[in-house]
Structures are given as structure tokens and as C-alpha cells.
1. Report the calculated FRET efficiency for ALA8 and PHE43 (r = Cβ-Cβ distance, R0 = 25 Å), to the nearest 0.05.
2. Pulled fully out, how much extra length does the chain show between LEU67 and ILE80, if you take 0.36 nm times their separation in residues and subtract their Cα-Cα distance?
3. Can you match Cα extents along the principal axes in Å to one of these, [x] 49, 27, 25; [y] 70, 34, 21; [z] 49, 46, 30, based on a calculation from the structure here?
4. Would you mind getting me the FRET efficiency between PHE59 and TYR110? Use the beta-carbon distance for r and R0 = 30 Å, nearest 0.05.
5. Can you order the peptides 10-23, 35-48 by their average number of other Cβ atoms within 10 Å per residue, highest first?
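Throughout, read-outs are computed from the coordinates displayed, never taken from laboratory work. Keep in mind that this is a model prediction, so the values were computed, not measured. Positions of Cβ are backbone-derived with ideal geometry, glycine not excepted, and every protein chain shown enters the neighbour counts.
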Amino acid sequence: MLALALFALELAIALWVRDAFVRPYVGDVLVVILLYACVQAFFRVAYFPLSLAVCVFAFGIEGLQYLGLVEKLGWQEYAIARTVLGTSFAWADLLAYSVGAVLIVVIEFYRDKMHPRYA
């Protein structure tokens with residue numbers, strides 16, 4: 001349910017938010033949490049390694065943006081490719097992905113203290 005709610009929120013941000021903070025930064029924090037929630041919906045994975053893996057994945061996508069992958073593949077006219085892969089590298093995005101991963105670890109750490117899941 002969390003993954004679906006985050007997906008809906010990300011979609012709403014992408015479609016209707018045109019500002020200088022929520023769309024570029026909050027959206028990037030949430031995308032890491034969304035990916036984490038999607039994996040957790042199907043697989044039982046410890047939160048720390050998964051949060052790290054999702055963050056590394058997001059960094060990889062950002063690296064592909066730096067390399068201009070969408071343009072090199074000739075996909076710039078496809079809105080889905082531009083949205084999923086992105087078209088512009090930004091150092092601040094790496095910070096936002098890191099914040100998302102740290103939020104996951106903090107939330108899951110305290111959630112585990114209250115209700116242990118992986119005994």
C-alpha cells in the first residue's frame with residue numbers, strides 16, 4: 001500500500017507541481033523511498049542493505065543522466081524515457097537520494113525497535 005501511495009504522490013508531483021523545491025528535491029527523496037517500498041512489497045529484505053542498494057541504483061541513474069543516455073539512445077522525444085531516466089545531471093539530486101536512504105534507515109530502525117520483524 002505504501003508503494004502505491006508513494007507512486008500516486010510521485011505522479012501528482014510530476015504532473016502538477018511546478019516549483020523549485022518540491023518537484024526537484026522532495027520528489028527525489030521520495031523516489032528512493034518508493035523504490036524501497038516496491039522491493040519490500042515483494043521480497044523480505046533487511047532495510048539497511050536494501051536502502052543502500054536503492055540509493056546506489058538512484059546514483060547510477062543519475063550517472064546515466066550525466067552521460068546523456070537518453071540523447072545518445074535517441075529517446076529524447078519519448079516522455080516516459082525522459083521521465084524515468086531523466087535528462088539532466090545535478091549534484092543536489094545525489095544529496096536528495098541520500099536523504100531518502102537515510103530516512104528509510106531511521107524510520108525502519110525505530111519501527112524495528114517498536115515491532116521487530118526480522119528475528
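1. After rounding, the FRET efficiency stands at 0.70.
2. Values: separation 13, 0.36 × 13 = 4.68 nm, distance 1.82 nm.
Value of the extension gain: 2.9 nm.
3. Computed from these coordinates, Cα extents along the principal axes in Å corresponds to label [x].
4. The calculated FRET efficiency here is 0.75.
5. The most tightly packed comes first, giving 35-48, 10-23.
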